[in-house]
1. For C225, are the conditions met, namely being part of a loop (DSSP other than H, G, I, E, B), modelled with pLDDT of 95 or more and surrounded by 13 or more Cβ atoms within 10 Å (Cβ to Cβ)?
2. Filtering the stretch 238-253 down to residues that are in contact (Cβ under 8 Å) with a residue 40 or more places away in the chain and away from the ligand (no atom under 16 Å from the Cβ), which residue is surrounded by the most Cβ atoms within 10 Å (Cβ to Cβ)?
3. Would you point out the residue of the stretch 85-101, among those that are not basic (K, R) and not in a strand (DSSP E or B), that is nearest to L32 (Cα to Cα)?
4. Confirm whether T72 is farther than 24 Å from R155 by Cβ and either of a type in the set (S, T, N, Q) or in a strand (DSSP E or B) (or both).
5. So, E114, is that one at pLDDT below 90, of a type outside the set (A, V, I, L, M, F, W, C) and assigned by TED's automatic domain parsing to the domain that holds T72 or not?
6. Criterion first (surrounded by fewer than 18 Cβ atoms within 10 Å (Cβ to Cβ), away from the ligand (no atom under 14 Å from the Cβ) and at pLDDT 95 or above) does R233 satisfy it?
7. How many residues, within the stretch 102-123, are on the phi > 0 side of the Ramachandran plot and either within 15 Å of the chain's Cα centre (by Cα) or in a helix (DSSP H, G or I) (or both)?
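The values are calculated or read from the model by the stated rules, or taken from the named source; none is laboratory data. As the structure is a prediction and not an experimental result, all values here were calculated from the model. Counting neighbours? That spans all protein chains shown, and the Cβs are built from the backbone with ideal geometry, glycine included.
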Amino acid sequence: MRRTARRLDTALAGQVLRRAELRVPRVATVDLVGMTVLGTHVVGKHLLTRLQRDDTRWTLHSHLRMDGRWATGPPGPRPGAGPAHQVRVWLVAERAQAVGLRLMEVTVVPTSDEDTLVGHLGPDILDEAWDGGAGARRVAEQGERPVVAALLDQRVISGVGTMWAAELAFAAGVTPYRAAGDVAGLEPALERVRQRMRRAVVDPKRVSRARLNVFERGGRPCLRCATPIRVGRVGPHDRLTYWCPQCQEGPDR
Ligand SMILES: [Zn+2]
């Protein structure tokens, strides 16, 4: 998400929109042409692109969900980044354009009302203001809930996806199904994963699959003890998760 936001900022920040098409019925009539793009801010998995015209500030909200993406490139006569029916947003500025494909939750609100979009999210693990002790307490307060389900619930803490939730459980030495309220060392595990996530934002190449202990390594030997990594499903959306039954203690479902 943060890489997407950086890319959008590189393409559009500081420029005036010459063309802006919102191909989503409820906001199709909103006119963003002539607005200056201030920048794109990330809250959890939400992208908030802030715009200004005179004294008024507006926020274009988008969410990538599973397969949405923003493509950027030189301005052109057509979006050109993917099949036309997948284009939800097309923004054209003087020097670049941005095309939002398969975006969800596209809406425009006054910037002062951003809280109505993302106010239900827990603290963002990548935020500068992240408080590790408070974050660990919020996860622990989920009690009997499997720890990985709690980590994936963006209302508890935001920004952790399936990959880092699985790696975090490995770092804490517990299976994904251990009760969230019963994980010793949750705070240091959160901190370790946070540091890895922050490095990954700066340099994506540093998170090659080879550096991951369990994620998407089902059936392959644990890098620490050679026991085959297990795969299961967790949480209300039955997301895939991974763990080593030898290195991680707790229930296996
Ligand atoms: Zn192991």
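1. Numbers: part of a loop (DSSP other than H, G, I, E, B): yes; modelled with pLDDT of 95 or more: yes; surrounded by 13 or more Cβ atoms within 10 Å (Cβ to Cβ): no.
No; evaluated as a whole, the condition is false for this residue.
2. Here is the first cut: in the stretch 238-253, the residues in contact (Cβ under 8 Å) with a residue 40 or more places away in the chain are 239-245, 247-253.
Now narrow it down to the ones that are away from the ligand (no atom under 16 Å from the Cβ): 239-240, 251, 253.
Numbers: R239: 17, L240: 14, P251: 11, R253: 10.
Among those residues, the one meeting the criterion is R239.
3. Keep residues of the stretch 85-101 that are not basic (K, R), which gives 85-87, 89-94, 96-101.
The next check asks that each one be not in a strand (DSSP E or B); those that pass are 85-86, 93-94, 96.
On the way: H85: 21, Q86: 20, A93: 11, E94: 14, A96: 16 Å.
Top of the filtered list is A93.
4. Values: farther than 24 Å from R155 by Cβ: yes; either of a type in the set (S, T, N, Q) or in a strand (DSSP E or B) (or both): yes.
So T72 fits the description; yes.
5. Numbers: at pLDDT below 90: yes; of a type outside the set (A, V, I, L, M, F, W, C): yes; assigned by TED's automatic domain parsing to the domain that holds T72: yes.
So E114 passes the test.
6. Values: surrounded by fewer than 18 Cβ atoms within 10 Å (Cβ to Cβ): yes; away from the ligand (no atom under 14 Å from the Cβ): yes; at pLDDT 95 or above: yes.
When the stated conditions are applied, R233 passes them.
7. Taking the stretch 102-123 first, the residues on the phi > 0 side of the Ramachandran plot are 102, 105.
Those still in the list that are either within 15 Å of the chain's Cα centre (by Cα) or in a helix (DSSP H, G or I) (or both) too: 105.
Within the stretch 102-123, residues that are on the phi > 0 side of the Ramachandran plot and either within 15 Å of the chain's Cα centre (by Cα) or in a helix (DSSP H, G or I) (or both) number 1.
Okay, residues lined up against (1) within 24 Å of the chain's Cα centre (by Cα); (2) more than 16 Å from A11 (Cα to Cα); (3) modelled with pLDDT under 90:
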| position | (1), (2), (3) |
| --- | --- |
| K45 | yes, yes, yes |
| A71 | yes, no, no |
| P79 | no, no, no |
| A93 | no, no, no |
| V99 | yes, no, no |
